[in-house]
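None of the figures in this text is laboratory data; all of them are computed from the coordinates on show. None of the values given here were measured: they were computed from a predicted structure. Cβ coordinates were reconstructed from backbone atoms using ideal geometry, including for glycine residues, and neighbour counts include every protein chain displayed.
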Amino acid sequence: MKVRELRQKYLDFFISKGHSLYPSGSLIPYDVTGRLDESLLFNGAGMVQFKPFFRGIAEPPNRRLTNAQKVVRTGDIESVGNHSHLTFFEMLGNFSFGDYFKQEAIAFSWEFLTAPQWLNLDPRRLAFTVFEEDDEAFEHWSAHLAPLGIEPTSRIFRLGEETNYWPAGAFSSGPPGPCGPNSEMFYWTSNDVPPPPTVAGGYDRDGFLRDDAAKLWLEIWNDVFIQYEWQGEPLEEGGYRKTGMPSLPFQSVDTGMGLERTATALGGYRSVYDTDAFSGIIKLIDRLSAEFASSTATYGQDTARDTAVRIIADHIRTASFCIADGILPSNTGRGYVLRRLIRRAVLKGQRVLGFEDLFLYRVVDGVVESLGDHYHELVDRRSVIAETLKNEEALFRRTLDQGSEILLQALARRKGEVLDGEVAFMLYDTYGFPLEVTQELCEEAGVTVDLAGYKAALAEAQERSRGADQRESVYGGVGVAFVFITDDGKATPTEFLGYSETETDAVIVGALPQADENGKAVAEFAVALNQTPFYAESGGQVADTGVLIVEDTRFNVVDVTKHDGVWVHVVVPDVPLGHEGMPVDQAQVFLLERLMKRKTRAVVDTNRRTDVIRNHTATHLLHAALRDTLGTHVTQAGSLVAPDHLRFDFTHGKAMSAEEISRVEGIVNEHVLSAEGVTIYSDVPLDEARAMGAMALFGEKYADRVRVVQVGDMSPDRPSFSRELCGGIHVRNTGQIGLFKILHESSAASGVRRVTAITGRGSHRWANELHGNLHEVAEIVKSTPKDLRQAVERLLDQVREERKRREQAELKAARGGGSNGSGHPIVEIGPVSLMTAKFEIDPKLAAQEVDDAVAQRPNLVVVAACILDGKVTFVAKAGPKAVESGAHAGNLVREVAKAAGGGGGGGPTYATAGGRDLAKVDEALESAVQVLRAAVDG
Ligand code: SER
């Protein structure tokens, strides 16, 4: 069965059982409320995005959902290349949130596996495991087996929490979150009959787990019976300490079937790479290697090549999906995992398959072809995926040579058969060599890497960067207790009125003190309201500021953030309330008594808000203009919309030219000058928004209903200049934006450019300042702004003239008088004369002076020190006779410069060198006598 068919069958089956299809969550582990699960690097299971549904803190569109979830698991990246390990796979799942439970979940699984119109598997080829204490699950499976005459104990096995609890081992050791016992389904993959029963009537669990049998029983599906919330605290040494495991408000089901693996088992394939999930990608790699690496080899002929092909095929899928979800290669977190995968694939392509040039981006087509029909983001983001891979591969190929050189040197110096862990870390840190790359290169030389040393160096570096992070994250992190609980025990979500209002009445529904490092309350605290006009920071747009007026007291709102639907206003009162310095729990009581249920007037600073929204709409125009000008690979990679400027990061591999910048600026200003309407479509189903051509932002999590912001043409059916999914606030008409001016264009990260620009009052201020400066400068040079250029050029000419005159005067003074007519000392060394001189003139002028001296005396050697602008340059010249006698200007100047802490050299007749230590110049010149004497004598 094809992977595509299996996916469709699964989803159809569960839709026929009353489930709704839910889109895959992003690989960045956002949950359905848009909150990032900080405990995870990647989305590693279908249930991750649904945690708020299991907890009952968000309402699912249907209590039965089904999906195919993109999953990245990088725990055993080293094993990739064999026949079964993948870093990316699809997980099919069906979910119940307080709807059906064990019995129905097991019945659904049984029906899908065995019914003729679904997978039609022979029940005798199936086995099941249940958590050792789970009698119910045992009974439910038995009820399906017994009527067919299959002895339940021969097919159902009770195992411990390592295999039969989700997450693995969660019963004792966490991690925190929804959890429960699970039941796994196994398929007998061999043509032989399963091994004979080990005890009367069936196997015992040891028989089931026996090595030879275990390999042939392939796990294909897992039903989890989510019931509890595992609670615990992180331990310093890693892991968690359990503090409790209360029941969740209702019982739920989470199931997961590994798509590629199941297709392999059902299709009787030897390897996941033989399924259609990979065959197209592998064929493409073969074709590319014939075309670009002039190789006639194809997959299946050579073990080493096959392994490399599998690694590339796996990593390109993972990389494409990561980039499509907004992850870019970097040196930390998800970005670093991505970088490792790309670099490892490039290394295999270069060293094993012989790709001399960039190739990885060409393989993207294979991924889009095999998966793009189900995962539209691959199609939508095809160009940014390709562009990012191209840039990263080019960057890596440049450092590869440099790093390999260093590695070779280190290998030559190493003691024994082990490479120093510090060197491996330095290669990673400085040259971007992922550990696996260093390991692979070492392996070729028969050397292993000192892993402990590498880890120690890495841990130290991480410690350093963590320190830096913590300073910035005041309100970040999971579990920040900004949940305001009302009388009925529920968190009150805040109603946001800020799209239409900037001032409203509201009621205070929660207050939370902030503590200093000693646990004492500070003046600043947090307030929640039933409704608010304040925009909370999101999507790059900064939070509103303003005031909350409670009777006569003014609370200045300095920041607003959103947590689980609650707007948290961080306020500083004009006059102290009296809670400052109290222990926090006491301050908490004080604030609640004083503020709970109080009426307040919430007033946004509208001037600032208007400046912000000008910049926000301008950001949308900029985004569209960049795509028009540079290409559709341009995708937003970050943005800041502040009152005084906007900053926009986007994927693009090279600096923009002055013409491109001016073109983009021109396009945006044209749209401003035509005063186009801005239309907001709120509450649009995500699919419809996509059909309208609305751009979804990179790495952003969207709910199933979205808001679309459109600039220009009012009709949703016709293409408009800019249409984006966006929750931000915008101007009504582009005319409000005013002049749009780009101030800087620079690099933000590898493959990412950054534009900073201003609008409205900001560009008016900027123009005024510029104009003012121009006038001032013109006045200084006694000119007018209009004639400034000629005036400055005239001035510069004068300066140049003046300098020339000064140098000539100095030269004349330097020549002076004295016995040899130059004023510089001459020492006779055998047949050679040595003249040393010190000038404070341009080295070029000095060289001319030296030339003149030697032209007159062929046996003369001159060493001159030229000191200018705090730097010293040594110039040496040897006449033809002096060279015949053994003098060598290059050797001489090298030694002399060395004495002044510098270096350089050249040929026998003329050479220059730089020095660092001005205080040693005299000493250095004196040393020339010795050096020359040695040369002439020798
Ligand atoms: N969460 C479970 C797993 O990943 C079932 O979906 O196995």
Among S746, P60, Q798, whose Cα lies farthest out toward the positive end of the dipole of the chain, if unit charges sit on the beta carbon of Lys, Arg (+1) and Asp, Glu (-1)?
-> Q798
Measure nothing fancy, just the Cα-based angle from helix 843-856's long axis to the longest principal axis of the chain, in degrees from 0 to 90, nearest 10.
-> 40
Using the Cβ atoms and a cut-off under 15 Å, what net charge is assigned to the surroundings of A521, where Lys and Arg are +1 and Asp and Glu are -1?
-> -4
Taking K and R as +1 and D and E as -1, what net charge do the other residues with C-beta under 14 Å from the C-beta of I150 add up to?
-> +1
Hits among aspartates and glutamates - C-alpha to C-alpha of K786 under 13 Å, sequence gap 8 or more where chains match = E776
Put a dot 7 Å past each Cα toward the Cβ at K654 and K283; how far apart are the dots in nm?
-> 3.5
Pairs of alpha carbons in the chain whose separation is greater than 41 Å (percent) | 56
Taking the chain as the reference, fit the longest principal axis to its C-alpha atoms, fit the long axis of helix 889-899 to the helix C-alpha atoms, and give the angle between the two in degrees, 0 to 90, nearest 10.
-> 70
So between D704 and E405, what do we pick up on full extension, going 0.36 nm a residue minus the alpha carbon distance?
-> 102.5 nm
State to the nearest 20 debye the size of the charge dipole of the chain about its Cα centre, where the only charges are +1 on K and R beta carbons and -1 on D and E beta carbons.
-> 2400
In a shell of Cβ-Cβ distance under 12 Å around I385, excluding I385 itself, what net charge do Lys and Arg (+1) and Asp and Glu (-1) give?
-> -1
Summing -39500 (n - 2.57) over the DSSP H runs of n ≥ 4 in the chain and dividing by its residue number, what mean residue ellipticity at 222 nm do you reach, to the nearest 500 deg cm²/dmol?
-> -13000 deg cm²/dmol
Sequence-separation-based contact order of the chain, relative, with Cα cut under 8 Å and 6+ spacing, percent | 6
Largest-first principal axis extents of the Cα set of segment 820-890 (Å) | 36, 26, 18
Express in whole angstrom the spacing between the alpha-carbon centres of segment 760-797 and segment 852-892.
-> 48
Using Cα atoms only, what is the angle between the long axis of helix 921-937 and the major principal axis of the chain, expressed in degrees (0 to 90) to the nearest 10?
-> 80
